[in-house]
Amino acid sequence: MGTVRILVFGNPLVAEDSIALKILPLLRKRFPTIAFVEFDAVEDLEKEGSDLTILDAVEGIEKVSVLTDIDSFENTKRFSMHDFDLGQSLKLLKAMGLLKTVNIIGIPMTYPAKKAFSEIVPVIEAMERA
């Protein structure tokens, strides 16, 4: 088993999309053997392999949750390539046969950092044991 990698998404300029980045230093300190890789664009996502673990802010959830069914992600209208989000990219990779599994550790967009961190720690600990 190789190094555990968690892709961390977020936009530091958008408050509701930056929670994963805000807690990233705490996660790196708590889990020094995990490679937390900052990802700000989905263009090179296929280079990360066919089994992904992602940490990102998610709209519409009430607590930290692990999401695995990308087919259930809501499709939204696209007006430009800037609107092409992570969910759409994952669906495209799956349709192309480039994605086998995905575990998205979703953080509610309005969560305070301390609460997000405390709920994420046991999720990552369980993933390490698996």
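Just a few scattered comments:
- For the stretch 42-74, taking the residues that are over 22 Å from residue 19 (Cα atoms) and polar (S, T, N, Q), the one that is modelled with the highest pLDDT is identified as 50.
- Among residues of the stretch 97-112, those that are surrounded by fewer than 16 Cβ atoms within 10 Å (Cβ to Cβ) and either touching a residue at least 12 places away in the same chain (Cβ under 8 Å) or assigned to a strand (DSSP E or B) (or both), counted: 4
- Only one of the listed residues (77, 29) is surrounded by fewer than 16 Cβ atoms within 10 Å (Cβ to Cβ) and either at pLDDT 90 or above or assigned to a strand (DSSP E or B) (or both). That residue is 29.
- Top-ranked residue of the stretch 50-64 - restricted to ones that are surrounded by 14 or more Cβ atoms within 10 Å (Cβ to Cβ) and assigned to a loop (DSSP other than H, G, I, E, B), ranked as nearest to the chain's Cα centre (by Cα): 64
The values are calculated or read from the model by the stated rules, or taken from the named source; none is laboratory data. The structure displayed is predicted, hence computed values, not measured ones. All Cβ positions, glycine included, derive from the backbone under ideal geometry; neighbour counts span all protein chains shown.
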